[in-house]
1. Can you tell me which residue within segment 66-106, out of those that are assigned to a loop (DSSP other than H, G, I, E, B) and of a type in the set (S, T, Y), is surrounded by the fewest Cβ atoms within 10 Å (Cβ to Cβ)?
2. Among the candidates R72, R19, R41, single out the residue that is basic (K, R) and over 24 Å from the mean Cα position of the chain (by Cα).
3. Return the total of residues in segment 46-65 being within 23 Å of T26 (Cβ to Cβ), buried (at least 19 other Cβ atoms within 10 Å of the Cβ) and touching a residue at least 60 places away in the same chain (Cβ under 8 Å).
4. From V179, V188, V204, grab the single residue that is part of a loop (DSSP other than H, G, I, E, B) and in contact with a Phe, Trp or Tyr (Cβ under 8 Å, 6 or more places away or on another chain).
5. How many of the residues making up segment 107-148 are buried (at least 16 other Cβ atoms within 10 Å of the Cβ), modelled with pLDDT of 95 or more and among the polar types (S, T, N, Q)?
6. Looking at segment 106-129, I want the residues that are farther than 19 Å from L44 by Cα and among the charged types (D, E, K, R) and have a partner that is modelled with pLDDT of 75 or more and surrounded by fewer than 15 Cβ atoms within 10 Å (Cβ to Cβ) with Cβ atoms under 8 Å, at least 6 apart or on another chain. Which pairs are those?
7. Exactly one of (1) farther than 18 Å from N124 by Cα; (2) under 16 Å from the mean Cα position of the chain (by Cα); (3) surrounded by 15 or more Cβ atoms within 10 Å (Cβ to Cβ) is unmet by I227. Its number?
Amino acid sequence: MKVTCLQENLSKGLSIVSRAVSTRSTLPVLANVLLATDNGRLKLSATNLEIVITCWLGSQVAEDGAVTVPARTFSDLVNNLPPEPIDLTLDETTQTLNLDCKNSKSNIKGIDYHEFPLVPDPDNDGRVKVNGRILKEMISQVAFAAATDDTRPTLTGIMTNFEESTVTMAATDGFRLSVRKAPLDQPVPAPFQVIIPARSLNEVARVISDDMEEIFISIPEGRNQVIFDMKSVVIISQLIDGAFPDYTAVLPKKQMTRTVLNTGELIRACKRANIFAREASHTARIRIEAGDEITPGKTTITATSSETGDNEAQLDASVLGDGIEIAFNVKYMIEVLNVMNTPQVAIETTTSMEPGVIKPIDEDTDFVHVIMPMHFGQ
């Protein structure tokens with residue numbers, strides 16, 4: 001293998017695929033990144049057997065070949081080379097990769113590429129086209145609500161449902177639920193539903209750039225995988241087996257109070273409250289009071305710590321319905337408010353013991369977040 005590519009491109013490609021490198025495997029080759037020539041381009045791949053990330057780089061290929069090299073060593077070296085063309089030459093006899101860049105020469109000992117797990121090719125059949133910007137926003141608005149421990153594996157994933165001209169993503173950890181819907185450019189031939197690991201979708205969101213107008217999603221038959229094809233980057237993830245909970249049963253069917261607040265003001269108030277609430281399971285009291293013809297409604301957020309003190313913030317609000325006092329995990333509130341991309345949000349409540357709903361005030365965004373109440377005594 002003899003390949004020449006720019007240091008900047010190689011560094012960027014390695015930053016993309018290295019996220020899939022295994023750090024705990026007993027197989028040494030999984031700590032490596034695969035380098036292979038592919039139709040005049042350099043292909044980089046890494047996998048931890050749960051996710052595969054492949055990236056193609058423009059390069060000059062003088063001789064085809066492939067090898068795997070330790071990802072960390074290779075990345076650290078490339079990142080510290082000058083911004084000049086890098087000549088990569090493989091000694092197949094010793095499986096050593098030589099890097100020649102300006103006045104720097106290095107040799108990295110590799111492992112034969114045949115020991116690297118087979119990297120599946122993208123599937124062009126039955127692909128669904130999704131707008132890149134919308135997909136990235138959807139992932140950001142649901143992934144944080146997924147569970148992070150593996151006691152219930154299905155809850156570490158995001159239920160993704162394709163039906164007619166709509167894609168729906170939902171995630172829950174048992175204490176909160178995020179649901180986001182978005183339109184598809186073309187209807188799917190037949191509805192299908194899968195559970196995609198939240199970790200994998202976060203990697204997809206990280207790779208999506210502003211100029212990626214379209215991303216193709218496919219579910220190859222019989223492989224229990226999902227493929228995200230982003231032209232020069234392909235991410236393949238294992239799916240999670242199991243049944244996702246019926247989240248529609250959690251969505252409140254009615255509301256007694258609807259409170260509209262300024263998003264920025266609410267975030268800042270919640271962050272101040274959390275300074276004191278974090279010592280009490282992040283519990284903050286929210287008291288909502290309706291206004292009248294003269295005075296506006298108001299929302300008071302209070303957090304108390306027996307050791308450090310307390311904080312109270314009062315915000316103007318548009319309140320429709322009865323007053324209510326309810327307790328929420330304020331850390332959860334901060335996380336959902338951080339992905340609300342609208343100037344105003346609505347908090348819909350029924351009683352102090354029933355779930356609350358937080359929504360963006362935006363006619364074009366179908367996003368709902370449900371948060372369970374906490375007991376005042378916590």
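1. Going through segment 66-106, the residues assigned to a loop (DSSP other than H, G, I, E, B) turn out to be 80-84, 92-95, 102-103.
Those left that are additionally of a type in the set (S, T, Y): 93-94.
Values: T93: 6, T94: 10.
Selected residue: T93.
2. It is R41.
3. Residues that pass the stated criteria total 4.
4. Values: V179 fails: part of a loop (DSSP other than H, G, I, E, B); V204 fails: part of a loop (DSSP other than H, G, I, E, B).
Unique residue meeting the criteria: V188.
5. The total comes to 2.
6. K129/D185; K129/Q186; K129/E214
7. (1)
Residue by residue, here is whether (1) assigned by TED's automatic domain parsing to the domain that holds T304; (2) part of a strand (DSSP E or B); (3) loosely packed, with under 15 Cβ neighbours inside 10 Å holds:
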site	(1), (2), (3)
I236	no, yes, no
F244	no, no, no
Q255	yes, no, no
A280	yes, no, no
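The values are calculated or read from the model by the stated rules, or taken from the named source; none is laboratory data. Predicted, not measured: the structure shown is a model, and the values here were computed from it. All Cβ positions, glycine included, derive from the backbone under ideal geometry; neighbour counts span all protein chains shown.
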